Number of protein chains: 2
Amino acid sequence: MSEHCKFLLADSQVPSVWVNVLPSLRQPLDPPLHPRTRQPLKPEDLAPIFPMSLIEQEFSPQPEIDIPGEIMDIYRMWRATPLYRARRLEKALDTPAHIYYKYEGTSPAGSHKPNTAIAQAWYNHKAGVRRLATETGAGQWGSALALACTMFGMECTVYMVRCSYDQKPYRRMMMNTWGAEVFPSPSDHTEAGRRALAAAPDSPGSLGIAISEAVEDAATHSDTNYSLGSVLNHVLLHQTVIGQEAKLQMREAGEEPEVIIGCFGGGSNFGGLALPYVLDRLAGRGPRILAIEPVACPSLTRGKFEYDYGDTAKLTPLMKMYTLGHDFVPPGIHAGGLRYHGASPLLSALVAQGVIEAKAYLQLPVFDAAVQFARTEGIVPAPESAHAIRAAVDEALAARESGRSKVILFCLSGHGHFDLAAYEAYLGGKLQNGLPASAAV
Amino acid sequence: MSEHCKFLLADSQVPSVWVNVLPSLRQPLDPPLHPRTRQPLKPEDLAPIFPMSLIEQEFSPQPEIDIPGEIMDIYRMWRATPLYRARRLEKALDTPAHIYYKYEGTSPAGSHKPNTAIAQAWYNHKAGVRRLATETGAGQWGSALALACTMFGMECTVYMVRCSYDQKPYRRMMMNTWGAEVFPSPSDHTEAGRRALAAAPDSPGSLGIAISEAVEDAATHSDTNYSLGSVLNHVLLHQTVIGQEAKLQMREAGEEPEVIIGCFGGGSNFGGLALPYVLDRLAGRGPRILAIEPVACPSLTRGKFEYDYGDTAKLTPLMKMYTLGHDFVPPGIHAGGLRYHGASPLLSALVAQGVIEAKAYLQLPVFDAAVQFARTEGIVPAPESAHAIRAAVDEALAARESGRSKVILFCLSGHGHFDLAAYEAYLGGKLQNGLPASAAV
């Protein structure tokens, strides 16, 4: 056990650019469509809710975009994040495989989400925006944006899906501690919220309704913009620091990954690790790339690749993506960050082209792997991240079966400090497998 | 803001020895006394509950003790911990002072406690011990020992003060996730617990009762030892990795601290940072060293320096220390880790000799500083650690008054992810100042 198991980088090695795969795609992405006219969206259509700098990034033809110095200064508070070799897990699995993981839980908010929250807040701040509005499900994204806003002295309003608001009070308190105001959604602060409350006064809320509330808040206040934590190109762009660092650290470890694994909700942590490796794949080399989603919300493995809305109320543009339908309601699994009906259009296209593979897991085997990981590697993982662990374990077990070594790299996107009730349910034998009502798995 | 604010160390720079100040003291410590005979304790008196290796460390005349390789391997999973310069906090305070903090919250358990938990578990494992029993108040120590035991395949039993067991379920769930069994104390698993329950069936418990239960469990099971998270010499010894790293990192930053600050409960994070600097003070140089405790439990500032028991039930040896009396019951402040009636005998002696200063703060100004810190530096601190922040802020404000720069270094011993209810109470104006019933401050 005395070999090296942690790979760091010097501050000077933290990436100073974001990597953009758009200009390297075999064919350009189908454009987003205006929700009313169904015509290709013009950049200015997005100006009421996004600053022009981020709209430009969304469609940028540049292969690299410089990271502004003030963003670098904040990134460096916790970046580079560590890359670990999971020697204790390997030993427990008795596998010849080498398992590496990139750990994003060392950020103050506990996940990879601040990589884009800091960037989005900064660009909005520079554009003179005073307040950001957003939605959050389980709370990872909302707390990342609350952190980012306090770093630049901005205000932050978070519409938090009511059932999470009630069940995950610690995430809400964390946002409050950073100075954000948090409303349970549906709320009476927006027309969309009031309509939802009128229809169902006891509504537990949904991400779809919360998005509608945040977008309406931004669109109807001139000093306020909207901020999204996944799905869009500029969000994934900001996350590419993960994969760039991982490449340097794997070089430090003296190994090349043969398979890259990330959990998949909208695609932000997955894209962050995978996209720099996607560039290699598009150039005819590079590892297998594996996106892991829950059976409860199987957009990549069972959805259709077609135009759909990003929210239930059809306020967002239509995007060509893998989708279960904008009115799909997944069962209440603990990986709240993976409960999205759609998927990043960019990553969807790469799945459709066979560059990225997708696989879905049930909740119980995911928690089996999460607990084994906690008891060997020490870190209690977020339920979302545990989907990637499960897949990495299965790859390592397959390597044992075949007697062949294999180098596996996965993204451990966050810690599970606010998800311990899920662990208690699992340890107490009360966790369900998370099957969608219509599924026959 | 573009200057360096984070100082790391390479794996090869993680300290490979623990630093022992015992042989450098101006006069030897008064010996612990047997609880029944009141005669100086013999090492073999401790053998029923501690392995001989740790008993030797408790009284060691060696100035340095090598850290075994298997402990180093686990330390390196999160060590060296980062040292930060708090540039954003400095700016918010408009102070010429330079504020540095050593952040121990990056361990999987979220505090400095694993530094000794890993070491204690390993020495017990080597001695053939199958199970460790301990007590925990707020849960930081219990979760650190649960983590350590799972690393070596040992069993772990934690007696958790009942009111914390009920109020902080996430800490308990974290211990369960690492495989520990956790009993609310008083429990019916021990004679001491059953006696307490017979006297008061609804007892909220106390650290004193929980210690008695854990010690009895260890003393009555031949395969089980007891483990303590603070106060004793060998515990502080293991924590000296903190201060040794900080010294290297301050050198990297090109500055010498003029004042060292740590929060003080039993003394383990404080001693960990301070003891390497105490050696400098004993050699006639070195910084001011400041221990910060809550007014609610003011052992160093209002206690007596005399022999007292470590627990309520008088099962532990008598130790010469600052104490409020073994039956003192502090008010229920949120910094549960600082609610101990006594203090490390080693650090008590250094306070009595004037090598270390002590200061007490009320709960509200501590949370003022905690929230200011969270909103500038991003990290949500544990309420215990926030006592050190409050003192550092006051030192920085004094520097602003005097117009003179000053280099301040404090220990941020852990994060506050499981203490957010305290933040909610503070933000909602419901937090009390935490005055002891008898105090006139």
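The values are calculated or read from the model by the stated rules, or taken from the named source; none is laboratory data. Small disclaimer: the values here were computed from a predicted structure and weren't measured. Cβ placement follows ideal geometry from the backbone for every residue including glycine, while neighbour counts extend to all protein chains displayed.
Side notes on the structure shown:
- Screening region A:11-26 for residues that are touching a residue at least 12 places away in the same chain (Cβ under 8 Å) and loosely packed, with under 13 Cβ neighbours inside 10 Å and picking the one that is nearest to the other protein chains (Cβ to nearest Cβ) gives A:Pro23.
- Under the condition of being touching a residue at least 40 places away in the same chain (Cβ under 8 Å) and within 15 Å of B:Ala219 (Cα to Cα), the residues counted in region B:36-45 number 1.
- Complete set of residues in region A:193-232 that are more than 22 Å from A:Thr116 (Cβ to Cβ) and of a type in the set (Gly, Ala, Ser): A:Gly193, A:Ala196, A:Ala198, A:Ala199, A:Ala200, A:Ser203, A:Gly205, A:Ser206, A:Ser222
- 1 or more residues modelled with pLDDT of 95 or more and over 15 Å from the mean Cα position of the chain (by Cα): qualifying helices (runs of 4 or more DSSP H) within region A:224-337: A:241-253, A:268-282, A:299-302
- Selection count, region A:383-421, where residues are more than 14 Å from chain B (Cβ to nearest Cβ), closer than 26 Å to A:Leu431 by Cβ and modelled with pLDDT under 95: 0
Yes or no, residue by residue, for (1) farther than 30 Å from B:Ser348 by Cβ; (2) free of Cβ contacts under 8 Å to residues at least 60 places away in the same chain; (3) within 14 Å of chain A (Cβ to nearest Cβ); (4) buried (at least 21 other Cβ atoms within 10 Å of the Cβ):
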| position | (1), (2), (3), (4) |
| --- | --- |
| B:Pro201 | yes, yes, no, no |
| B:Pro204 | no, yes, no, no |
| B:Ala214 | no, no, no, yes |
| B:Ser222 | yes, yes, no, no |
| B:Leu228 | no, no, no, yes |
| B:Leu236 | no, no, no, yes |
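- Just one of (1) out of contact with any helix residue (DSSP H, G or I) (no Cβ under 9 Å at 6 or more places or on another chain); (2) away from chain B (no Cβ under 14 Å) fails for A:Gly429. It is (2).
- In region B:359-382, residue farthest from B:Pro294 (Cα to Cα) [restricted to those that are assigned to a strand (DSSP E or B) and more than 14 Å from chain A (Cβ to nearest Cβ)]: B:Lys359
- Filtered by the rule that a residue be crowded, with 22+ Cβ neighbours inside 10 Å and either at pLDDT 95 or above or at positive phi (or both), region B:155-169 gives B:Cys156, B:Thr157, B:Val158, B:Tyr159, B:Met160.
- Among the residues of region B:148-175, the one identified as more than 21 Å from A:Gln372 (Cβ to Cβ) and small (Gly, Ala, Ser) is B:Ser164.
- Count of region A:321-356 residues which are small (Gly, Ala, Ser), over 23 Å from A:Leu237 (Cα atoms) and touching a residue at least 60 places away in the same chain (Cβ under 8 Å): 2
- Residue in region B:277-295 that is outside the structural domain of B:Ile209 (by TED's automatic domain parsing), surrounded by fewer than 24 Cβ atoms within 10 Å (Cβ to Cβ), farther than 18 Å from B:Arg390 by Cβ and in contact with a His (Cβ under 9 Å, 6 or more places away or on another chain) present: no
- Matching residues, region A:53-71, being within 14 Å of chain B (Cβ to nearest Cβ) and either among the small types (Gly, Ala, Ser) or surrounded by fewer than 18 Cβ atoms within 10 Å (Cβ to Cβ) (or both): A:Pro68, A:Gly69, A:Glu70
- In the set (1) at pLDDT 95 or above; (2) surrounded by fewer than 24 Cβ atoms within 10 Å (Cβ to Cβ); (3) not in a strand (DSSP E or B), the condition left unmet by B:Leu347 is number (2).
- The set of residues from region A:350-373 being surrounded by 24 or more Cβ atoms within 10 Å (Cβ to Cβ), aliphatic (A, V, I, L, M) and closer than 28 Å to A:Ala421 by Cβ comprises A:Val366, A:Ala370.
- Members of region A:325-342 found to be surrounded by fewer than 24 Cβ atoms within 10 Å (Cβ to Cβ) and more than 17 Å from A:His387 (Cβ to Cβ), listed by number: A:Gly325, A:His326, A:Asp327, A:Phe328, A:Val329
- Among (1) under 30 Å from A:Val371 (Cβ atoms); (2) more than 13 Å from every other protein chain (Cβ to nearest Cβ), the one test that A:Asp45 misses: (1)
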